[in-house]
Amino acid sequence: MQGINRRQLLGWLAAAPLLAKAQLSQASETQVIEQQLYASAAKNVQGGYYLSFFNALGQKQTSHPLPARAHQVLADPVRGWLFTLARRPGEFIAIYDYRNQQAITTLAVQAGHYLQGHALLSPDGRYLYTSETRLESDQGYLVVRDLDDDFKVVKELPTYGIEPHEFLWMPDGKTLVVANGGIKTKGREKLNLATMQSTLVYLNSQTGELIEKQQLADEFHQCSLRHLDVAPDGQVIIALQYQGHPADSVPLVLAHRQGEALVSMALPERLYSQLKHYCGSACFDTSGRFAAISAPRGNHVILWDMQRRAFLSSIYAADGCGLAATNKAGEFLVSTGRGKVYQFSALTGEQQLLPLEESSQWQWDNHLTAI
């Protein structure tokens with residue numbers, strides 16, 4: 001064997017720290033991916049309802065039975081809890097310790113109220129907010145419970161509208177933005193489609209004061225604002241579901257900044273015609289530049305460049321609805337009602353299927369949550 005000369009030896013010695021650093025970096029990145037968990041409500045093929053979560057490599061972690069179908073899962077990473085909210089009109093909040101894999105408790109809503117499927121924690125983690133409807137008036141409220149005082153209801157904030165659905169904190173940590181869907185219901189039956197009016201409102205979380213209220217023109221009053229997300233710079237993206245005639249041309253995705261008018265996001269006609277007037281989840285990526293909107297009835301996820309408020313591209317995902325951002329800029333996961341979870345990038349257009357165990361046994365519900 002030919003001997004190693006001095007130049008080769010010095011080159012190898014110089015490269016060794018860089019190689020070791022690269023290997024360490026790769027190992028560290030893999031560890032981060034393994035530790036990143038995602039949770040969703042799900043239904044199995046036997047008809048049971050569950051809370052289920054898995055890591056970003058698609059490795060199944062655990063499933064916990066639920067009393068009925070659920071909608072959103074909210075993560076409390078400090079306590080290690082997951083709050084699973086019943087589907088509208090729901091009555092339970094199941095609380096599960098995902099670190100110790102044990103149930104904590106199941107809360108029931110107050111008499112005369114029902115849940116609208118979404119919840120939020122206060123910035124300090126002490127209070128749980130839930131969107132609810134008061135039956136006697138059909139008006140919406142955000143009900144606040146103290147997690148440190150046996151889940152006692154301590155406040156109810158009006159949402160200044162009917163059927164409050166998803167709501168989130170604005171970057172100041174004091175203002176809440178709420179999508180009022182505008183539909184009066186009895187059970188799942190819709191009662192006021194001819195007169196419904198959906199709104200986007202901003203509230204003072206301490207006083208309940210109305211800060212701002214936005215709604216579309218009267219000709220679009222059957223557009224129901226339901227799901228939204230907020231970027232770090234305060235821009236809001238909203239997914240709509242239209243309750244009118246299938247042939248109508250109406251907004252399905254909106255953007256908004258406080259103090260400005262609602263902006264309808266234009267879609268290519270070939271894509272718009274496939275969406276069946278129904279958009280599901282809304283999600284910004286970790287950078288806040290890109291946003292994804294799912295359209296499960298149209299089997300697409302739509303990607304937007306929110307700096308330009310411009311359509312970017314779409315991916316095919318049969319019955320794909322749940323969305324979550326990964327820790328990489330431009331990257332998302334989408335979960336489907338057919339048991340699949342895909343990872344995709346708004347930057348590269350690449351899409352890959354996560355190798356979930358027993359994926360054929362599950363139907364993921366509407367939302368996916370990064371823990």
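The values are calculated or read from the model by the stated rules, or taken from the named source; none is laboratory data. For clarity, every value in this text was computed on a predicted model and none was experimentally measured. Using ideal geometry, Cβ is built from the backbone for each residue, glycine included, and neighbour counts are taken over all protein chains shown. Only protein heavy atoms, including side chains, enter the accessible area calculation; ligands, DNA and RNA are left aside. Shrake-Rupley method; radii C 1.70, N 1.55, O 1.52, S 1.80 Å.
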- prompt: Across segment 220-240, what is the number of residues that are over 22 Å from residue 332 (Cα atoms), open to solvent by 20 Å² or more (accessible area, probe 1.4 Å) and either under 15 Å from the mean Cα position of the chain (by Cα) or not polar (S, T, N, Q) (or both)?
  reply: 2
- prompt: Which one of these does residue 243 not meet: (1) surrounded by fewer than 14 Cβ atoms within 10 Å (Cβ to Cβ); (2) over 25 Å from residue 172 (Cα atoms); (3) modelled with pLDDT of 95 or more?
  reply: (1)
field: Residues of segment 115-133 that turn out to be open to solvent by 20 Å² or more (accessible area, probe 1.4 Å) and more than 18 Å from the chain's Cα centre (by Cα), as a count
entry: 3
field: Every residue from segment 71-91 that is among the hydrophobic types (A, V, I, L, M, F, W, C), open to solvent by less than 10 Å² (accessible area, probe 1.4 Å) and within 13 Å of residue 371 (Cα to Cα)
entry: 73, 82, 83
query: Given (1) in a loop (DSSP other than H, G, I, E, B); (2) touching a residue at least 40 places away in the same chain (Cβ under 8 Å); (3) under 21 Å from residue 370 (Cβ atoms), where does residue 259 come up short, assuming only one miss?
result: (3)
message: Quick test of your reading of the structure: residue 351 fulfils all but one of (1) within 17 Å of the chain's Cα centre (by Cα); (2) open to solvent by 30 Å² or more (accessible area, probe 1.4 Å). Name the failing condition by number.
response: (1)
- prompt: Would you call residue 95 surrounded by fewer than 18 Cβ atoms within 10 Å (Cβ to Cβ) and at pLDDT 95 or above?
  reply: no
- request: Would you check which residues across segment 75-122 are touching a residue at least 40 places away in the same chain (Cβ under 8 Å), within 15 Å of residue 49 (Cα to Cα) and of a type in the set (Phe, Trp, Tyr) and list them?
  value: 83, 96
task: Being open to solvent by 20 Å² or more (accessible area, probe 1.4 Å), in a strand (DSSP E or B) and modelled with pLDDT of 95 or more narrows it down to one of 343, 274, so name that one.
output: 343
field: Elements of type strands (runs of 3 or more DSSP E) contained in segment 151-231, each with 2 or more residues being under 22 Å from residue 93 (Cα atoms)
entry: 152-162, 164-169, 175-180, 223-230
- prompt: For segment 196-210, does any single residue satisfy the condition of being touching a residue at least 40 places away in the same chain (Cβ under 8 Å), open to solvent by 40 Å² or more (accessible area, probe 1.4 Å) and charged (D, E, K, R)?
  reply: no
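This table checks each residue for (1) at pLDDT 95 or above; (2) within 16 Å of residue 291 (Cβ to Cβ); (3) surrounded by fewer than 22 Cβ atoms within 10 Å (Cβ to Cβ).
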| residue | (1), (2), (3) |
| --- | --- |
| 308 | yes, yes, yes |
| 311 | yes, yes, yes |
| 316 | yes, no, yes |
| 324 | yes, yes, no |
| 334 | yes, yes, no |
| 338 | no, no, yes |
| 347 | no, yes, yes |
| 359 | no, no, yes |
| 367 | yes, yes, no |
- prompt: With respect to residue 68, is the statement that it is open to solvent by less than 70 Å² (accessible area, probe 1.4 Å), at pLDDT 90 or above and part of a loop (DSSP other than H, G, I, E, B) true?
  reply: yes
Subset of segment 237-256 (residues that are within 18 Å of residue 163 (Cβ to Cβ) and part of a strand (DSSP E or B)): 238, 239, 240, 241, 242, 254
message: If the requirement is being more than 20 Å from residue 282 (Cα to Cα) and either at pLDDT 95 or above or among the charged types (D, E, K, R) (or both), which of these qualifies: 168, 120, 107?
response: 107
